1. For the chain, with only Lys/Arg (+1) and Asp/Glu (-1) charged at the beta-carbon, what is the dipole magnitude about the Cα centre, in debye rounded to 20?
2. Could you pull the Cα extents of region 199-277 along its three principal axes, largest to smallest, in whole Å?
3. Helix 34-44 versus the longest principal axis of the chain: what is the Cα-based angle in degrees, 0 to 90, to the nearest 10?
4. Sequence gap at least 6, Cα distance under 8 Å: using those rules, report the relative contact order of region 4-276 to the nearest whole percent.
5. Please report the Cα spread of region 98-143 along all three principal axes, rounded to whole Å, starting with the longest.
6. State, in angstrom, two size descriptors of region 4-276 derived from its alpha carbons: Rg to one decimal place and Dmax to the nearest whole number.
7. Putting +1 on Lys and Arg Cβ atoms and -1 on Asp and Glu Cβ atoms, find which of A143, G234, G173 reaches farthest to the positive end of the dipole of the chain.
8. Hey, which aspartates and glutamates would be in cross-link range of K153, C-alpha to C-alpha under 17 Å, not counting anything within fewer than 8 residues on its own chain?
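All of the numbers you see were taken from the coordinates with simple rules; none came from a lab. Predicted, not measured: the structure shown is a model, and the values here were computed from it. Ideal geometry is used to build each Cβ from the backbone, glycine not excepted, and the neighbour counts take in all protein chains shown.
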Amino acid sequence: MIDSAGLKRRRWLVFAWLILAAVPLRAQAPTTNGTDAETLRKQAQNPVASLISVPIQENWNFNIDPNNRTQNVLNIQPVIPASIGKDWNLIVRWITPVIFQPDPATAAAGYYGFGDMNPSFFISPKQSKMIWGVGPTFILPTATNTGNLGSGKWSAGPTAVVLVQPGKWTLGGLWNNVWSFAGHEDRQDVNQMTFQYFINYNLNKGYFLTWQPTITANWNAADGSKFVVPLGGGIGRIMKIGAQPVNIGAQVYGNAVHPPGGSPWSLRLQFTMLFPK
């Protein structure tokens with residue numbers, strides 16, 4: 001276990017990193033060409049675009065009982081497309097979480113390490129009026145502390161994404177459900193759904209408004225503890241650090257529904273490096 005002092009230092013380093021990244025960019029356009037800038041922004045908001053991206057996402061879940069603690073989840077989630085013929089792309093999305101989980105028995109200590117990895121694979125058409133992708137997703141029991149940071153189970157299930165991008169809008173949703181099929185027999189079976197709807201409205205100079213709440217359902221939990229339903233949103237911007245396009249953003253969510261003792265609100269910061277083809 002570790003105390004919360006080291007985690008707090010890391011939080012402030014992340015804040016400083018994002019602020020310093022943004023400061024020198026005020027005078028820089030996202031790209032030199034307006035059409036290219038808009039294309040890049042739409043690609044960055046499309047989970048199955050033919051665009052390599054490396055999002056680094058910090059999530060703080062506040063006011064967890066007991067002791068009014070904060071859970072921290074840092075997600076490193078590269079997205080890599082590959083062509084599989086003239087008509088189809090394979091999109092690989094691999095999430096690696098780094099977690100600080102408060103110990104409910106203390107007011108300061110907790111558990112810190114890697115959580116369970118979550119790779120997803122989407123087959124998506126290169127040309128379609130409606131953008132979509134389908135495929136399998138997996139939960140790998142890679143947590144460094146199985147009892148506190150992971151499920152201890154191998155899990156798999158279907159995943160799908162669909163979206164449209166009319167004008168300045170991006171409207172869509174990403175869904176999956178996983179079931180456990182192997183792992184520690186003394187751990188609870190996994191049957192969990194995740195649904196993220198996303199609404200983006202693009203503004204001038206690379207800015208955009210965004211709503212990307214992630215709704216989760218643990219179907220094996222007791223009644224009253226199954227769902228987390230956040231409401232909220234934030235703002236982002238696509239810009240450049242030197243020649244490198246990046247996407248930065250901040251979002252705040254209040255959990256209208258959450259398990260007893262769970263976090264009532266959260267903060268999400270994201271920094272994404274973009275590698276357009």
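1. Charge dipole, the chain, about its Cα centre: 1060 debye, nearest 20.
2. 51, 23, 18
3. Between the helix axis and the principal axis of the chain, the angle is about 20 degrees.
4. 17 percent.
5. Between the extreme Cα coordinates on each principal axis of region 98-143 lie 54, 20, 12 Å.
6. Answer for region 4-276, Rg first and Dmax second: 19.0, 58 Å.
7. G234
8. Of all the aspartates and glutamates, those that pass the test against K153 - Cα under 17 Å, at least 8 places apart if same chain - are D116, E185, D186, D189.
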